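Sharing a structure here in structure tokens format.
Since every read-out is calculated from the coordinates, none of them should be taken as a lab result. Quick caveat, the model's predicted, so the values are computed rather than measured. Every residue, glycine as well, gets a Cβ built from its backbone with ideal geometry; the counts of neighbours run over all protein chains shown.
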Amino acid sequence: AQSVSQHNHHVILSEAASLELGCNYSYGGTVNLFWYVQYPGQHLQLLLKYFSGDPLVKGIKGFEAEFIKSKFSFNLRKPSVQWSDTAEYFCAVRSSGSARQLTFGSGTQLTVLP
Amino acid sequence: EAQVTQNPRYLITVTGKKLTVTCSQNMNHEYMSWYRQDPGLGLRQIYYSMNVEVTDKGDVPEGYKVSRKEKRNFPLILESPSPNQTSLYFCASSPGYQETQYFGPGTRLLVL
């Protein structure tokens, strides 16, 4: 079965700091990868996704992620965070072996201090 | 406006009292899914539906039922709720199972 690991449970940064959130998945075959964001009191919104092609994916609000197949990773990055980026971030994977299911990581709570 | 709606948004109930959480989408999506979100565990899939009358178990289906009689609706049924089903529930839909899912606003359930 596929699984997703997000090792950082809570990250605290000051505004303008750079961000990198880790995401590793377990499946060795073809994968679709996603990052979702959940702002306080709101539902999940898609930040970015990778299906195929360029492994460096750009999403909304200045976020990007890099798919590194050899490392089974899909880390989320942002060069300069803002207070409004305070939210919970979820990595998710859909594999060719379990194509009908989307498996989420446990989430990373990001707090940006003004 | 394209959206996924859930009702109710908040619900407090007691052990054993049957309840239904409704989910509806207006985007003609074929794929719909239910998740529960618990602290430290992220989102876990309960059930999903590929289309009308086609449903299947996700990772944590015990204690839940679903039905998909119409394309737009995918209700989640708790026949006999227990306190361990206290959680935040999200419904999601997508045009097909391989495509990006759109999430509803969530239903916060407390079972006493």
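Scan segment B:29-45 and tell me whether some residue there is surrounded by fewer than 20 Cβ atoms within 10 Å (Cβ to Cβ), aliphatic (A, V, I, L, M) and touching a residue at least 24 places away in the same chain (Cβ under 8 Å).
No, the conditions are met nowhere in segment B:29-45.
Within segment B:1-61, which strands (runs of 3 or more DSSP E) (wholly inside it) include 3 or more residues that are farther than 22 Å from A:Gly107 by Cβ and either touching a His at 6+ places or on another chain (Cβ under 8 Å) or not aromatic (Phe, Trp, Tyr) (or both)?
B:10-13, B:19-25, B:42-51, B:54-57
Turning to a different aspect of this structure: Within segment A:66-91, how many residues turn out to be touching a residue at least 40 places away in the same chain (Cβ under 8 Å) and closer than 23 Å to A:Ser5 by Cβ?
Residues meeting the conditions: 16.
Would you check if there is a residue in segment A:11-20 being within 11 Å of the chain's Cα centre (by Cα), surrounded by fewer than 20 Cβ atoms within 10 Å (Cβ to Cβ) and among the acidic types (Asp, Glu)?
Yes, there is a match, as at least one residue in segment A:11-20 is within 11 Å of the chain's Cα centre (by Cα), surrounded by fewer than 20 Cβ atoms within 10 Å (Cβ to Cβ) and among the acidic types (Asp, Glu).
Moving on to the next point. Which one of these is free of Cβ contacts under 8 Å to residues at least 60 places away in the same chain and of a type in the set (Val, Ile, Thr): A:Val37, A:Val4, A:Val11?
A:Val37
Let me ask another. With the checklist (1) buried (at least 18 other Cβ atoms within 10 Å of the Cβ); (2) touching a Pro at 6+ places or on another chain (Cβ under 6 Å) in hand, flag the one item B:Thr22 doesn't pass.
So the condition that B:Thr22 fails would be (1).
Quick check: is even one residue across segment B:70-93 more than 22 Å from A:Leu44 (Cβ to Cβ), in a strand (DSSP E or B) and among the polar types (S, T, N, Q)?
No.
While we're on this one: Which residues, taken from segment B:1-55, are more than 9 Å from chain A (Cβ to nearest Cβ), closer than 11 Å to B:Ala92 by Cα and of a type in the set (Gly, Ala, Ser)?
B:Ser24, B:Ser49
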